[in-house]
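The values are calculated or read from the model by the stated rules, or taken from the named source; none is laboratory data. Source: prediction; values computed, not measured. Ideal geometry is used to build each Cβ from the backbone, glycine not excepted, and the neighbour counts take in all protein chains shown.
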């Protein structure tokens, strides 16, 4: 699977027609069709439902379209940033973060940072919690926001808050109908989807440990790389998934969410940075975060829902 195939697939998905996509790409239709067929053969799944007109995406195709679009945007961003850095010597500040924080405080924080430091080139790099440690020590990022606790002599950690967890269920699932919080014990014998599959330890281990403490045994456990893949499988009726509450704004049309009643069903937001950088800009970033939390924005209200005292 290469970038050219991804660009071809995205074009077909957007146009819902091979002929129009070929025109957009300035190539003939037969080689375009062959490239899509080769992509499907490599992946071992059908990406398009060719029995309908216009063409529609399968669930696997829908997931690939979402990921391919993001990948192509990231590639364009890398190209643009590389060119910009080459043309100017503006200071860069790179934020590493797990994907779920992109639905919480990261966008808000970046807006505040840009307002305070308009001369600063701020970049966001999505990466797993454990990957952030190496990236900090290698100088590839300047601060990280993750969910896994770890110890390293060169890296300082600050737990910003504990975010409540919710269960994602397929629309129509019997347990998706009640609106009150759900107890973790009710997930007994349900198929479970966890993420990320790698690297470990990860948020997946936090969830499995949480269930293990209550002796809750899922019917099965499927591990996937990203939250988007997990929610795609939930939408397809393949299982349930536990995610941070701020992330429940995703897929409102085909996924339902219920707050978890258990008081310890939370996930930390952990800020990590090099010990040597504790002062200066990092200190100012902490101040911006304090101001952001004090403003109690909508995403924070969504993820900090307090349960009724009866629970």
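For the reader, a short list of remarks on this structure follows.
- Residue match in the range 79-93 (condition: closer than 30 Å to residue 16 by Cβ and touching a residue at least 12 places away in the same chain (Cβ under 8 Å)): no
- Some residue of the range 166-179 being in contact with a helix residue (DSSP H, G or I) (Cβ under 7 Å, 6 or more places away or on another chain) and part of a helix (DSSP H, G or I): yes
- Residue 292 in a helix (DSSP H, G or I) and not assigned by TED's automatic domain parsing to the domain that holds residue 185: yes
Conditions tested, residue by residue: (1) modelled with pLDDT of 95 or more; (2) in contact with a strand residue (DSSP E or B) (Cβ under 7 Å, 6 or more places away or on another chain); (3) not assigned by TED's automatic domain parsing to the domain that holds residue 128.
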{"site": "56", "(1), (2), (3)": "no, yes, yes"}
{"site": "59", "(1), (2), (3)": "no, no, yes"}
{"site": "63", "(1), (2), (3)": "no, no, yes"}
{"site": "69", "(1), (2), (3)": "no, no, yes"}
{"site": "80", "(1), (2), (3)": "no, no, yes"}
{"site": "83", "(1), (2), (3)": "no, no, yes"}
{"site": "86", "(1), (2), (3)": "no, no, yes"}
{"site": "98", "(1), (2), (3)": "no, yes, no"}
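- Selection status of residue 106, under 23 Å from residue 284 (Cβ atoms), crowded, with 16+ Cβ neighbours inside 10 Å, under 15 Å from the mean Cα position of the chain (by Cα) and at pLDDT 90 or above: yes
- When residues of the range 33-64 are limited to those that are part of a helix (DSSP H, G or I) and in contact (Cβ under 8 Å) with a residue 40 or more places away in the chain, the one surrounded by the most Cβ atoms within 10 Å (Cβ to Cβ): 64
- Among the conditions (1) outside any helix (DSSP H, G or I); (2) free of Cβ contacts under 8 Å to residues at least 40 places away in the same chain, the only one that residue 199 does not satisfy is (2).
- Members of the range 125-151 found to be surrounded by fewer than 18 Cβ atoms within 10 Å (Cβ to Cβ) and in a strand (DSSP E or B), listed by number: 125, 126
- Condition met for residue 154 (surrounded by fewer than 16 Cβ atoms within 10 Å (Cβ to Cβ), touching a helix residue (DSSP H, G or I) at 6+ places or on another chain (Cβ under 6 Å), closer than 30 Å to residue 275 by Cβ and at pLDDT below 95): yes
- Out of 232, 237, sole residue that is more than 26 Å from residue 95 (Cα to Cα) and surrounded by fewer than 19 Cβ atoms within 10 Å (Cβ to Cβ): 237
- The single condition among (1) over 22 Å from the mean Cα position of the chain (by Cα); (2) at pLDDT 95 or above that residue 193 does not meet is (1).
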